[in-house]
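Scroll down for the structure; my scribbles are underneath it.
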Amino acid sequence: MRQQRQDSGTGRAAGTSIFTEMTELARATGSVNLGQGVPELDAPPALLADVSEAVLAGHNQYPPAFGFPALREAIAAHQRAHYGLDLDPATEVLVTSGATEALAAACLALTGAGDEIVTFDPAYDAYPAGARLSGARLVTVPLAIDGDGFQLDPDALRAALTPASRLLVLNSPHNPTGKVFTPDELVLIAEAACEHDLTVVTDEVYEHLVYDGARHVPIATLPGMRERTLTISSAGKTFNVTGWKVGWVSGPAALVAAVMSVKQWLTYASGTPYQEAIGTALGGVADWAAGLRETLRGNRDLLAGGLRAAGLSPFRADAGYFLQADIRPWGFHDGLRFCRELPERAGVVAIPTSAFQQGVDTTPWLVRFSFCRREASLRDAVARLAALTP
């Protein structure tokens, strides 16, 4: 099984990720950390008050294994209101310890040795980890560069699929690129999934953080896809509460039951007061998310402008927390070297996109910057980068 790129060929000891290395560099150098996607932004005050009330009321023991009924009902209502997907909250919704547990449990439940899990490259690093846990082989489909963005390569997708393909992991909105897969791209993916009888697992944690008229379309809404799709999301990114680790997976009862058969031996259940509060907050997510999108869009534009002013070339980000930047204008072709030197030289931390590449890395000159920070932090980072402009 191929090792994750961040654990090989980088000079770090196996098991020490680039995120750990860069976070330590940020601490040691006093840098502005634009590496990890940990928001500095506030959560809804009412949500925090509801959690406090639940804790003080003594709601601190195990919740039901499938999650609190009120939260499962809220998730089903959310999917119906936003996407027209009708779910039975009793059998088609499962609350998990964050989206990462849902992804791992799906890989373990639905694949094993000899199977292949297909995903798009660059990929969030939980996907290769899930494949390793299940014994499956991860097969990556490289996204093609399209001007200042990324697009699906249909030929590469078709070439990646074999009789051993079992699971397709689709991340849209996409980390680390900020891409939102278009309706036409989703149709091509859905056709391939139906033709090869694949189960599709979708990671949609940035579903409410989509900008500039781009539209998130769950692939489960396409013809023939509801019965073969597990949809994963969470409260962490939407409500700026990543530490609460409350996620969920929804889809056909048989697939959800399969995930539950694994999940019960991982955490069983967690987050009682958080589940209660999120069950209430999810009904008002549209208004909250509208304000959060405005904040993040302004942050993205501030950072993009600062990167351009510093001589770097930012890519387009239609969603999420992150901007890709081409570092070649500064004379760098190796993103890892750039990121290791940047804290000492400029007092800013970023992450090399190579950390997310599982296949052949054709863009070693891309670096990921996060903009889920307070405006003051971003202005500080932009000023530091400008001072170092070659």
For the pair residue 52 and residue 144, the simple spin-label estimate (label points 7 Å beyond Cα toward Cβ) gives in nm 5.4 nm
Quick calc, the range 156-258, dipole around Cα centre from Cβ unit charges on Lys, Arg (+) and Asp, Glu (-), nearest 20 debye, gives 260 debye
Unit-weight point scatterers at every alpha-carbon of the range 51-108, Debye formula, q = 0.24, 0.27, 0.28 1/Å: log10 I(q)/I(0) is -1.04, -1.10, -1.12
Compactness check, the range 33-149: C-alpha Rg relative to the 2.2 N^0.38 Å globular estimate gives 1.39
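Any chance you could run the full-extension gain for residue 337 through residue 257? It's 0.36 nm times the residue separation minus the Cα-Cα distance, nm to one decimal.
Details: separation 80, 0.36 × 80 = 28.80 nm, distance 4.51 nm.
Working it through step by step, the gained length comes to 24.3 nm.
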HN-Hα couplings for the range 255-263 via Karplus (6.51, -1.76, 1.60; θ = phi - 60°), in whole Hz with x for Gly/Pro, come out as 6, 5, 5, 5, 5, 4, 4, 8, 4
Rounded to two decimals, the Debye log10 I(q)/I(0) of the chain (Cα scatterers, no solvent) at q = 0.07, 0.13 Å⁻¹ is -0.30, -1.11
Across all Cα atoms of the range 315-379, Rg and the largest Cα-Cα distance (Dmax), in Å, are 12.1, 37
Expressed as a whole-number percentage, the relative contact order of the chain with C-alpha contacts under 8 angstrom and at least six residues apart is 25 percent
At q = 0.33 1/Å the base-10 log of I(q)/I(0) from the Debye formula over the alpha-carbon atoms of the range 251-290 is -0.94
Taking every C-alpha to C-alpha distance in the range 104-251 and binning by 5 Å from 0, the per-bin percentages run 2, 10, 20, 24, 23, 14, 6, 2, 0
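Using a 10 Å cut-off on Cβ atoms, rank the peptides 40-50, 134-144 from the highest mean neighbour count down. Provide the component values of the computation, followed by the final result.
Numbers: 40-50: 15.4, 134-144: 20.5.
Ranking the peptides 40-50, 134-144 by packing returns 134-144, 40-50.
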Amide H proximity to residue 118 below 5 Å, modelled H, separation 5+ or other chain, gives 139, 166, 167, 168, 169
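With a 10 Å radius around each residue's Cβ, average the other Cβ atoms per peptide and rank 359-366, 347-354, highest first. Can you show the working numbers first?
On the way: 359-366: 17.1, 347-354: 24.9.
The peptides rank, most packed first, as 347-354, 359-366.
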Across 190, 281, 28, the residue with the highest GNM fluctuation in the chain (Cα network, 10 Å cutoff) is 28
Excluding ligands, DNA and RNA, the carbon-plus-sulfur percentage of the accessible area of the range 175-248 with a 1.4 Å probe reads 49 percent
The size of the Cβ-based charge dipole (Lys, Arg +1; Asp, Glu -1) of the range 199-241 about the Cα centre, to the nearest 20 debye, is 80 debye
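If eta is 1.306 mPa s and T is 10 °C, what Stokes-Einstein diffusion coefficient results for the range 223-366, Kirkwood Rh from Cα pairs, in µm²/s?
On the way: Rh = 18.8 Å.
Diffusion coefficient, whole number: 84 µm²/s.
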With -39,500 (n - 2.57) per DSSP H segment of 4 or more residues and division by the full residue count of the chain, the 222 nm estimate, nearest 500 deg cm²/dmol, is -12500 deg cm²/dmol
Phi angles of the range 132-144, converted by Karplus (6.51 cos²θ - 1.76 cosθ + 1.60, θ = phi - 60°) into ³J(HN,Hα) in whole Hz with x for Gly and Pro, give 4, 4, 7, x, 7, 9, 7, 10, 9, 10, x, 6, 8
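What FRET efficiency would be calculated for the residue pair residue 184, residue 129, taking the C-beta separation as r and a Förster radius of 35 Å, to the nearest 0.05? Don't skip to the answer; put the middle values down first.
Details: r = 31 Å, r/R0 = 0.88.
Between residue 184 and residue 129 the formula returns 0.70.
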Here Rg/Rh (Cα, Kirkwood) for the range 162-217 equals 1.01
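What's the Cα-based Rg to Rh of the range 219-300, Rh via Kirkwood?
Details: Rg = 15.3 Å, Rh = 14.8 Å.
Over the Cα atoms of the range 219-300, Rg/Rh equals 1.03.
The values are calculated or read from the model by the stated rules, or taken from the named source; none is laboratory data. For clarity, every value in this text was computed on a predicted model and none was experimentally measured. Quick reminder, even Gly has a Cβ in these numbers, built from the backbone with ideal geometry, and neighbours come from all protein chains shown. All accessible areas refer to the heavy atoms of the entire protein, side chains included, with ligands and DNA or RNA removed. Shrake-Rupley method; radii C 1.70, N 1.55, O 1.52, S 1.80 Å.
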